[in-house]
Amino acid sequence: MDRIIKGLKVRLTASLPGAAVQQKMAPVLKNISQSNFTYFPETRPGGVLVLLYPYNDELHLPLMLRTEYSGTHSGQVSFPGGKKEDNDPDLIYTALRETSEEMGIPEKEVRVLGVLSELFIAASNFKVLPVVGYMSHRPDFRIDEREVAEIIEVPVSLLLDPQVVKTKSFKVSAGFTIQAPYYAVKEHTVWGATAMMLSEFLSIYKDL
């Protein structure tokens, strides 16, 4: 496990697979992928955390089922994270702060290994930086019940199984239907931006 963590830290400072790998899990609307959307001047910056930790003798990462609300990502599975606040020095800080607020994980306990490629999320007009971190022990989760309905602890080995990658139609908040690949994680569906970020992380992980 130490070898993998050291390898990830080195690999995340090199060139990243980027959009080519992200697009493998991108939703499609009438044969138009997310890469066809343009950036807007008011695009909002955000950060999320891909947090690795040992549990039952293998690496896990936590996802969260968001509570139901009036926003675009209501009830979806995501990484912990959110928008950059004015007093956040950078997006790494944003990812750690949001994870602390949503999951109760102290920022000082997370060792930052590096970052993945930024991803533009057209549905909510966010440009998100995925930060990869590591804890030497399983977190003591203390969720903010206003934002988090459930913590989903996922073995990385499960995500590497090709059988968990499937495709289906989704009806999104704008009222139209899209076709999208997703990770079938236990009884949950992990798709959209979270699946795209996972795709890049797993591509790097498999190289190790």
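Taken together, the values in this text are just the output of simple stated rules run on the coordinates, not laboratory data. Worth saying up front: this structure is predicted, and the values here are computed from it rather than measured. Methodologically, a virtual Cβ is constructed for each residue, glycine included, from the backbone with ideal geometry; neighbour enumeration extends over all protein chains shown.
Table for the structure above
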| read-out | value |
| --- | --- |
| Flagged links, alpha-carbon separation over 21 Å, of LYS84/LYS127; LYS83/LYS168; LYS166/LYS186; LYS6/LYS206; LYS127/LYS168; LYS24/LYS83 | LYS83/LYS168; LYS127/LYS168; LYS24/LYS83 |
| Within the chain, percent of DSSP bridges classed antiparallel, to nearest 5 | 80 percent |
| The stretch 99-140 shape via C-alpha gyration tensor axes, a/c threshold 1.5 | oblate |
| Interchain or long-range residues, amide H under 5 Å from VAL148's placed H | THR67 |
| Extension gain (nm, one decimal) between SER124 and LYS83, 0.36 nm per residue minus Cα-Cα | 13.7 nm |
| Under DSSP loop assignment and at most 11 Cβ neighbours within 10 Å, longest chymotrypsin sites (Phe, Trp or Tyr not before Pro)-free interval of the chain | 70-175 |
| Order of THR94, THR67 under a 10 Å beta carbon neighbour criterion, fewest first | THR67, THR94 |
| Exposure proxy ranking, count of Cβ atoms within 10 Å, fewest first, for VAL112, VAL132 | VAL112, VAL132 |
| Residues whose placed amide H lies under 5 Å from that of SER117, excluding near-sequence neighbours | GLY18 |
| GLU187-LYS9 pseudo-label distance in nm [points 7 Å out on the Cα-to-Cβ vector] | 3.9 nm |
| Equivalent ellipsoid dimensions for the chain as semi-axes, Å, which come from the Cα gyration tensor, largest first | 24, 20, 18 |
| Computed FRET value (nearest 0.05) for LEU65 with VAL28, which takes r as the C-beta separation and R₀ as 25 Å | 0.55 |
| Stretchable slack from GLU101 to ARG142, in nm (0.36 nm times residue separation minus alpha-carbon distance) | 13.9 nm |
| Length released on extending from LYS171 to TYR55, taking residue separation times 0.36 nm less the Cα-Cα span | 38.3 nm |
| Note, ³J(HN,Hα) from phi for the stretch 108-117, Karplus 6.51, -1.76, 1.60, rounded to Hz, x at Gly and Pro | 5, 8, 9, 9, 6, 9, x, 10, 9, 6 |
